[in-house]
1. In this structure, is Arg52 under 26 Å from Leu134 (Cβ atoms) and surrounded by 14 or more Cβ atoms within 10 Å (Cβ to Cβ)?
2. Would you mind finding the one in Val92, Val60 that is more than 26 Å from Val29 (Cα to Cα), loosely packed, with under 15 Cβ neighbours inside 10 Å and free of Cβ contacts under 8 Å to residues at least 40 places away in the same chain?
3. Looking at the stretch 97-128, which of its residues are more than 20 Å from the chain's Cα centre (by Cα) and of a type in the set (A, V, I, L, M)?
4. List the helices (runs of 4 or more DSSP H) inside the stretch 12-87, counting only whole elements, that have at least 2 residues being under 16 Å from the mean Cα position of the chain (by Cα) and among the polar types (S, T, N, Q).
5. Looking at Ala120, Ala112, which one is surrounded by 14 or more Cβ atoms within 10 Å (Cβ to Cβ), in a helix (DSSP H, G or I) and of a type in the set (Gly, Ala, Ser)?
6. Would a scan of the stretch 110-133 turn up a residue that is over 20 Å from His36 (Cβ atoms) and in contact (Cβ under 8 Å) with a residue 40 or more places away in the chain?
7. Can you report the number of residues in the stretch 58-75 which are small (Gly, Ala, Ser) and in contact with a helix residue (DSSP H, G or I) (Cβ under 8 Å, 6 or more places away or on another chain)?
Amino acid sequence: MAGKLAGSRMNRKSTKLQHRNLPLLLLQVRERVLSHFRPILKANGFTEQQWRIVRALLEVDSLEPREIGELCRISSPSLAGVLARMQELGLVARRRLPHDKRRLRVSLTPHARALAARMAPQIDATYRMIEELLGSEFSARFERMLDQLLATL
């Protein structure tokens, strides 16, 4: 047993990967960026998942839950609970499609839109602060590169 353990340790140390851990780097950047927004979300009673849904629905009139899950990277089981809670809070409305009663469309309520509008100055100020830290040229280039990554991978 001791021999196997020693061999296992040697293999771990001798395994040298050529690239940095891109998924971990992206997660670390995500956490740093979100740390600037979390106080705003918390002060307004939003979870990160709820805010992602609000942001997605601010861009379009309504979406099906499957589309929300894909856009916001929320698993279907989690999404069902998040949407139910958002409906209880009066943030979203769900309606069945007339031609297919099995399908739903989710939209923001006027209450949610008013909350988002009230938060907008703080959210925009936080984006401006981040842009000032990084520089506007870098920020714009970074967003274009992220769009390119999403389109390519």
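The values are calculated or read from the model by the stated rules, or taken from the named source; none is laboratory data. Note that the coordinates shown come from a computational prediction; the quantities given were computed from them, not determined experimentally. Heads up, the Cβs are rebuilt from the backbone with ideal geometry, glycines too, and the neighbour counts pull from every protein chain shown.
1. Spelling it out, Arg52 is indeed under 26 Å from Leu134 (Cβ atoms) and surrounded by 14 or more Cβ atoms within 10 Å (Cβ to Cβ).
2. Unique residue meeting the criteria: Val60.
3. Residues satisfying the conditions are Leu97, Leu104, Ala114.
4. Answer list for the stretch 12-87: 22-43, 48-59.
5. Just one listed residue meets the conditions, Ala112.
6. yes
7. As a first pass, look at the stretch 58-75 and keep what is small (Gly, Ala, Ser): 62, 69, 75.
Imposing the further condition that a residue be in contact with a helix residue (DSSP H, G or I) (Cβ under 8 Å, 6 or more places away or on another chain) reduces the set to 69, 75.
Of the residues in the stretch 58-75, 2 are small (Gly, Ala, Ser) and in contact with a helix residue (DSSP H, G or I) (Cβ under 8 Å, 6 or more places away or on another chain).
Residues checked against (1) in contact with an Asp or Glu (Cβ under 6 Å, 6 or more places away or on another chain); (2) among the acidic types (Asp, Glu); (3) modelled with pLDDT under 95:
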{"residue": "Asp100", "(1), (2), (3)": "no, yes, yes"}
{"residue": "Ala116", "(1), (2), (3)": "no, no, no"}
{"residue": "Asp124", "(1), (2), (3)": "no, yes, no"}
{"residue": "Gly135", "(1), (2), (3)": "no, no, no"}
